[in-house]
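Comments concern the structure below.
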Amino acid sequence: MARAYWLLKSEPDVFGYADLERVGTEPWNGVRNYQARNSLRAMKVGDQALFYHSNANPTGVAGVVKIVRAAYPDDLQFDASSPYHDPRSKAADPRWSMVDVAPLLAFPQVLTLGALRGLPAWAASPLTQKGTRLSVVPVTPPQFRAALKAAGVRLP
DNA sequence: GCCAACGTTGGC
DNA sequence: GCCAACGTTGGC
């Protein structure tokens, strides 16, 4: 199976790319949307994802991460003290999943949403379409390549 | 801070 | 099964 590509949104005020570089590996928890969860469950170790800063200045892609652990139950759904607690999720059949990610490459500067909108490959992405709030977005190989090229980077 | 757009909930 | 109300996302 070929490597797949994704885009993961995070608010840098809460957890940004620099935070991931600091901690090394991070469980991508708190996703509470079925479409996004299904994408998480489709991820394989070795897949790569664009790390996107939302609600930021500027908004855009800050770097590339790799998936280092495939989907497993998101523990916060069972944590009554967490804002991500889901009292209706059963331990025997967890509703929400998470993956582990690790940093792969920091962009020299954020590839802004406006710049992504200027790339033809990205015209069809949910990310660039008005009103879409999906926090885990599938990315096509051409989209991934175009993003790296526009950011002026290549993967090691 | 504003607000458009969206997904989810729950009454019926 | 419908759909109004609600809470949330996320760009600006």
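The table for this structure:
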{"quantity": "Residues within region A:98-149 that are among the small types (Gly, Ala, Ser), away from DNA strand C (no atom under 15 Å from the Cβ) and more than 30 Å from A:Leu76 (Cα to Cα), tallied", "calculated": "3"}
{"quantity": "Residue match in region A:127-147 (condition: among the hydrophobic types (A, V, I, L, M, F, W, C) and surrounded by fewer than 13 Cβ atoms within 10 Å (Cβ to Cβ))", "calculated": "no"}
{"quantity": "Single match in A:Arg69, A:Arg32, A:Arg41, A:Arg3 (criterion: among the basic types (Lys, Arg) and within 16 Å of DNA strand C (Cβ to nearest atom))", "calculated": "A:Arg32"}
{"quantity": "Which listed residue is over 13 Å from the mean Cα position of the chain (by Cα), over 22 Å from A:Ser125 (Cβ atoms) and at pLDDT 95 or above, from A:Ala70, A:Ala91", "calculated": "A:Ala70"}
{"quantity": "Near pairs, Cβ below 9 angstrom, 6+ apart or cross-chain, from region A:7-24 (free of Cβ contacts under 8 Å to residues at least 40 places away in the same chain and over 23 Å from A:Ala146 (Cα atoms)) to any residue that is outside any helix (DSSP H, G or I) and within 11 Å of DNA strand C (Cβ to nearest atom)", "calculated": "A:Val14/A:Asn55; A:Asp19/A:Ser10"}
{"quantity": "Set A:Pro108, A:Pro73: member being surrounded by fewer than 16 Cβ atoms within 10 Å (Cβ to Cβ) and either touching a residue at least 12 places away in the same chain (Cβ under 8 Å) or not small (Gly, Ala, Ser) (or both)", "calculated": "A:Pro108"}
{"quantity": "Region A:53-73 - residue that is assigned to a loop (DSSP other than H, G, I, E, B) and among the hydroxyl-bearing types (Ser, Thr, Tyr) and, of those, farthest from A:Thr25 (Cα to Cα)", "calculated": "A:Thr59"}
{"quantity": "Complete set of residues in region A:37-47 that are outside any loop (DSSP other than H, G, I, E, B) and crowded, with 19+ Cβ neighbours inside 10 Å", "calculated": "A:Arg37, A:Ser39, A:Leu40"}
{"quantity": "Set A:Leu50, A:Leu20, A:Leu76, A:Leu7: member being part of a helix (DSSP H, G or I) and either aromatic (Phe, Trp, Tyr) or at pLDDT 95 or above (or both)", "calculated": "A:Leu20"}
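The values are calculated or read from the model by the stated rules, or taken from the named source; none is laboratory data. Predicted model, so just to flag it, every value in this text is computed and none were measured. Note that each Cβ is placed from the backbone with ideal geometry, even for glycine, and that neighbours are counted across all protein chains shown.
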